[in-house]
Amino acid sequence: RTELALKEIMSSGGAEDDIPQAERKTVTDFCYLLDKSKQLFNGLRDLPQYGQKQWQSYFGRTFDVYTKLWKFQQQHRQVLDNRYGLKRWQIGEIASKIGQLYYHYYLRTSETSYLNEAFSFYSAIRQRSYYSQVNKEDRPELVVKKLRYYARFIVVCLLLNKMDVVKDLVKELSDEIEDYTHRFNTEDQVEWNLVLQEVAAFIEADPVMVLNDDNTIVITSNRLSETGAPLLEQGMIVGQLALADALIIGNCNNQVKFSELTIDMFRMLQALEREPMNLASQMNKPGMQESTEKPARRENPHKYLLYKPTFSQLYTFLAASFKELPANSVLLIYLSATGVFPSGRSDSEGPYDFGGVLTNSNRDIINGDAIHKRNQSYKEMHCLHPGDLYPFTRKPLFIIVDSSNSVAYKNFTNLFGQPLVCLLSPTAYPKALQDQSQRGSLFTLFLNNPLMAFLFVSGLSSMRRGLWEKCQEYLRKINRDIAQLLTHSRSIDQSFLQFFGDEFLRLLLTRFIFCSATMRMHKIFRETRNYPESYPQLPRDETVENPHLQKHILELASILDVRNVFLENTLDDY
């Protein structure tokens, strides 16, 4: 590559001797850095996807080379323009790779600040039109680089809730795809149009719009803020466990997705993150010097995002998380997956007799939700059974199952006496709500954005910002009261309290109780299978059917003028 560049210099600049030594060295150094950066970047995909230690030094080296390369092309732009023929799209490629590095660093560390870094590099590419000349070159592979850049930028904007930017990017990407397919008559037109359809469906997945006075949409964030989780009050006796690791697994048939994130995975990952802080970097100061250092305090639990994993992939990641879990820490497993039901009758009631949730296989799926096998006496193979999780209950385990067969996990046994809780979704929703499942599960929506879920079950599809904020404030009060109900309960299982010291788990538990209480009071949720359940069971009269909490829910319904949707005297109905 270096020799080629030097030959190009000779052909464009006359005899090699005419080129000053310093300029020749500049081109040689640039080619070396460019080669080295590509080599390191390509090596990233060979790193193991699990385990938190092996990859850090390699990422550090890659960041260092890209920092040098970025500064080098800034300092020597004139020489590189004249002697190397550096094109703007090549600068865009370097910036795009740096954006990708930051995004992957976010995926590896769960530190949301790195998303802001990725955003700043991707934005600069667009603002400075680095890819604008690509369309003039007759090279389809360059246009594909540009299209991929757009797709990656959209993912980062979705994760940062920058929906206004997403809408602009989608429009630009649509025009670019049209131009690309018109000019090159390529075979990947269908794939790129599918990308557009997926992102459009993803943007529209929220069932309720919050509107400003001028009817523009308010962007609401559902990450943990300073005022998010109810504070622990004096006298509350809770455990000191901290959520350290999470597996977020999405394997629902026909659910809205973009990239390798289903809408349920997207919502749950935000429920396990704090609001991002800016690392305050600009394009001329990449701010990457500190990126390889660990933040002073681990702000977010580490997580793995697994889209449609096979059983072996899921088990490998689970084992890696389990192995690296620090002392006094919790592992969270979130399963959003199609239910797998036992096809034969079993005389026993063991942890492999109730089915579970789907793991990926390209065979055996019949009628979406049910999997049938040839021999009735064998267990379902492409399925995560409750029994598969037993070995991991040797450490504190917090499980959330959102599935049509979530109740399979009600038959858990706590073998090792460690804190263990399973939060289980309803297995069916009333007919009026079922058509929404493609846009994400109602149960997960309650765990991510309880007010939006409450509005949705109340039949509301839009709301003014002022009223939204008033209801959010009231919901914070409800959360505080739920926290008191839990910690003051005489008969609650200790596992709930042992997890209650962690902010993220505390918020999930209070939202779970709010969700369950709301559904039990709702007029159309009348069957047992319409309600969430838990292992161990919560004392109903002290939590999900507590009269004090029911009164609060009716008050929230009154603020929204939807009290008629709920039963007034729920205690009399049981």
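Look at residue 445 and say whether it is in contact with a Ser or Thr (Cβ under 7 Å, 6 or more places away or on another chain) and of a type outside the set (S, T, N, Q). For residue 445, the condition - in contact with a Ser or Thr (Cβ under 7 Å, 6 or more places away or on another chain) and of a type outside the set (S, T, N, Q) - is not met. Among the residues here, residue 566 does not qualify as in contact (Cβ under 8 Å) with a residue 40 or more places away in the chain and under 30 Å from residue 273 (Cα atoms).
Matching residues to (1) open to solvent by 20 Å² or more (accessible area, probe 1.4 Å); (2) under 26 Å from the mean Cα position of the chain (by Cα); (3) assigned by the TED database to the domain that holds residue 331; (4) not aromatic (Phe, Trp, Tyr):
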{"site": "490", "(1), (2), (3), (4)": "yes, no, yes, yes"}
{"site": "503", "(1), (2), (3), (4)": "yes, yes, yes, yes"}
{"site": "512", "(1), (2), (3), (4)": "no, yes, yes, no"}
{"site": "515", "(1), (2), (3), (4)": "no, yes, yes, yes"}
{"site": "532", "(1), (2), (3), (4)": "no, yes, yes, yes"}
{"site": "535", "(1), (2), (3), (4)": "yes, yes, yes, no"}
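When you scan segment 441-454, do you find a residue that is in the same structural domain as residue 561 (by the TED database), small (Gly, Ala, Ser) and part of a helix (DSSP H, G or I), even just one? Checked against the condition, which is being in the same structural domain as residue 561 (by the TED database), small (Gly, Ala, Ser) and part of a helix (DSSP H, G or I), segment 441-454 yields at least one hit.
When you look at residue 477, is it assigned to a helix (DSSP H, G or I), open to solvent by 10 Å² or more (accessible area, probe 1.4 Å) and closer than 17 Å to residue 529 by Cα, yes or no? So residue 477 does not fit the description; no.
Taking segment 534-564 as the range and being polar (S, T, N, Q) and assigned to a helix (DSSP H, G or I) as the test, the residues that pass are 550, 558, 564.
Here segment 105-162 is the region considered, the condition is being in contact with a strand residue (DSSP E or B) (Cβ under 8 Å, 6 or more places away or on another chain) and under 18 Å from residue 173 (Cα atoms), and the residue that is surrounded by the most Cβ atoms within 10 Å (Cβ to Cβ) is 154. Of the residues making up segment 302-317, just one is surrounded by fewer than 17 Cβ atoms within 10 Å (Cβ to Cβ) and under 15 Å from the mean Cα position of the chain (by Cα), namely 307. If you go through segment 53-69 and keep only what is part of a loop (DSSP other than H, G, I, E, B) and loosely packed, with under 14 Cβ neighbours inside 10 Å, you end up with 53, 54. Among the residues of segment 413-440, those identified as closer than 26 Å to residue 216 by Cα and part of a helix (DSSP H, G or I) are 438, 439. Among the residues of segment 319-346, the ones that are touching a helix residue (DSSP H, G or I) at 6+ places or on another chain (Cβ under 6 Å) and either open to solvent by less than 10 Å² (accessible area, probe 1.4 Å) or not in a helix (DSSP H, G or I) (or both) come to 3 in all. For segment 154-209, filtering for residues that are over 19 Å from residue 254 (Cα atoms), in a helix (DSSP H, G or I) and of a type in the set (D, E, K, R) leaves 10.
If you check 155, 218, 143, 195 for being farther than 25 Å from residue 444 by Cβ, among the aliphatic types (A, V, I, L, M) and either outside the structural domain of residue 419 (by the TED database) or out of contact with any Leu (no Cβ under 6 Å at 6 or more places or on another chain) (or both), only one passes: 143. Name the single residue that is least open to solvent (accessible area, probe 1.4 Å) among those in segment 77-104 being free of Cβ contacts under 8 Å to residues at least 60 places away in the same chain and not in a helix (DSSP H, G or I). Per the criteria, the residue is 86. Among the residues of segment 202-238, those that are open to solvent by 40 Å² or more (accessible area, probe 1.4 Å) and of a type in the set (Gly, Ala, Ser) comprise 221, 225, 235.
Close contacts from segment 429-448, counting a first residue that is open to solvent by 40 Å² or more (accessible area, probe 1.4 Å) and a second that is modelled with pLDDT of 90 or more and assigned to a helix (DSSP H, G or I), with Cβ to Cβ under 8 Å and a gap of 6+ residues or different chains, come to 429/442; 429/530; 436/442; 436/456; 439/201; 439/263.
The values are calculated or read from the model by the stated rules, or taken from the named source; none is laboratory data. Bear in mind that the values here come from a model prediction, so they are computed numbers and not experimental data. Positions of Cβ are generated from backbone atoms using ideal geometry, with glycine treated the same way; all protein chains shown enter the neighbour counts. When the accessible area is computed, the model is the full protein with side chains, heavy atoms only, and any ligands, DNA or RNA have been set aside. Shrake-Rupley method; radii C 1.70, N 1.55, O 1.52, S 1.80 Å.
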